[in-house]
1. Hey, any idea what Rg/Rh is for segment A:56-179, computing Rh the Kirkwood way over Cα pairs?
2. In debye to the nearest 20, how big a dipole does chain A give about its Cα centre with +1 on each Lys and Arg Cβ and -1 on each Asp and Glu Cβ?
3. Per q in 0.10, 0.12, 0.14, 0.19 1/Å, what log10 I(q)/I(0) does a Debye calculation on the alpha-carbon atoms of segment B:108-258 return?
4. Amide H of A:Gly212: which non-local residues (sequence gap of 5 or more, or other chain) have their own amide H closer than 5 Å, using H built in the peptide plane?
5. Grab every C-alpha pair in the protein assembly as shown, bin the distances at 10 angstrom width from 0 up to the longest one, and report whole percents.
6. Would you pull out the residues with amide H under 5 Å of A:Gln42's amide H, same chain only if 5 or more places away, H placed 1.01 Å from N?
7. Which translational diffusion coefficient, to the nearest whole µm²/s, is obtained for chain A from the Stokes-Einstein equation, given a Kirkwood hydrodynamic radius over C-alpha pairs, 37 °C and 0.692 mPa s?
8. Please list the radius of gyration and Dmax for segment B:119-184, considering alpha-carbon atoms only, with Å as the unit.
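We did not get these values from a lab; they are worked out from the coordinates using the rules stated. All of these numbers come straight from a predicted model, not from anything done at the bench. Cβ placement follows ideal geometry from the backbone for every residue including glycine, while neighbour counts extend to all protein chains displayed.
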Number of protein chains: 2
Amino acid sequence: MAKRPLILVTNDDGITAPGIRALIEVMLELGDVVVVAPDSPQSGMGHAITINSMLHLERVFIDNGKQKEYSCSGTPADCVKLAVKEILDRRPDLCVSGINHGSNSSINVIYSGTMSAALEAGIEGIPAIGFSLLDYNYNANFNASKKYVKNIAKNALENGIPKNVVLNVNFPNLPEKELKGIKICRQAKANWEEEFDKRQTPQGKDYYWLTGKFVNLDNGKDTDEWALENGYISVVPVQFDLTAHHAISNLNTWNFND
Amino acid sequence: MAKRPLILVTNDDGITAPGIRALIEVMLELGDVVVVAPDSPQSGMGHAITINSMLHLERVFIDNGKQKEYSCSGTPADCVKLAVKEILDRRPDLCVSGINHGSNSSINVIYSGTMSAALEAGIEGIPAIGFSLLDYNYNANFNASKKYVKNIAKNALENGIPKNVVLNVNFPNLPEKELKGIKICRQAKANWEEEFDKRQTPQGKDYYWLTGKFVNLDNGKDTDEWALENGYISVVPVQFDLTAHHAISNLNTWNFND
């Protein structure tokens, strides 16, 4: 029998979050699992890495599962880097991140710590998937997603993921019987319309809380937003070559000699 | 005579860094300048935003220039959001970020706070450019870049930047007479080979510093790395639709019905 796959698990909600517990449970059915995840919530961390501070890493025991677990003081991207260089004795066959408490669909991929961990693994040549559930609550119910998480991870292990591509998987917040299946999608054109909640300290100094409203500007039926609104699980292949190749010829018409 | 353009300036090295001072000086030749930049260095912050904490914003006076300046306790992306919603009385005609002390070429675009500010502006529909100089020193000399910064910004104001595209401009660390001009490029395939410097606290607990070596895996002469190594200023058009469109058909062959 072939060697069991080695699976690295991380997230951005912190190592004790219910979402990563659900993900570990599913991954233990597929392979040997090592968890390296932030010791505190890191939502909205984008692809931050820690270069002006040191990193702590600690072996931890959170439940009675067969996985090995380490908590890290850094960002999700730091966790992947530390795992690969300092913890794992061979390259993992798969890196999974999540299950995030909240959406990482469309433009959210840019701000997402969950996806930055997956992208970091992808940059290092490791097949990687980020999973997110459209429910921000700490007590979100991940049961409906488990079957699909397993199926997608199994496909990735068996088929590989196209080179230089990472998967961004989002689950609508629906009971299992209402889930219509998986759809491969493109990232919808959407953004956040920020609103700042301006307040004053007891000493009279202004400060702000960032809040906002998500606005989908894209009517396409091939987008992740459409899929999620219509009961499908969205899978977007994501790349880290950000070059807008189509814009190169336009820019070559600029006059740089003035 | 037409209204002077409104230019928003930010960075990730902090509002007092010499790089942003050089950028402000050039932008004052092109329009009215408002600066909203982090109150402390934010290098490596990727596209982080602040959602679990509040933001402070303060009017500051750093030199005798005509610009209006605000220092912000948040990330570069936060600075752009706050500027657009809370400070500026109209949409800026251009947002420029930098000049960064250090490279943001090739894969560094992913980790870059400088570029995340430019991308944030781009997401909000504002023409945006990130500038970086390949010199990490605090006392880096930005003089050679000024002429080109002005030229590129002027082109952007006059021609617009292609929709949903942001420019990533990097300068080789060379004296002006050795600069060969501007090249429109694609992002080179490169990555960092991390090395962790493992140490012990005085109490005997392990901790790590992230260090690493940049490895360019790409021999293409159309890449930013090639341009920079050969004395050119690299301009890469960057997009925030991360969809790997070419991978969609492959993923549609996966079997999700097991």
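1. With Rh from the inverse mean 1/r over Cα pairs, Rg/Rh is 0.96.
2. Value, rounded to 20: 640 debye.
3. These q points yield log10 I(q)/I(0) values of -0.49, -0.67, -0.83, -1.23.
4. When sequence neighbours closer than 5 places are left aside, the close amide H contacts are A:Glu195.
5. Percent of pairs per bin, in order: 4, 20, 30, 26, 15, 5, 1, 0.
6. For A:Gln42, the qualifying residues are A:Asp13, A:Gly14.
7. Result for D is 171 µm²/s.
8. Using the Cα atoms of segment B:119-184, the pair Rg, Dmax is 13.0, 37 Å.
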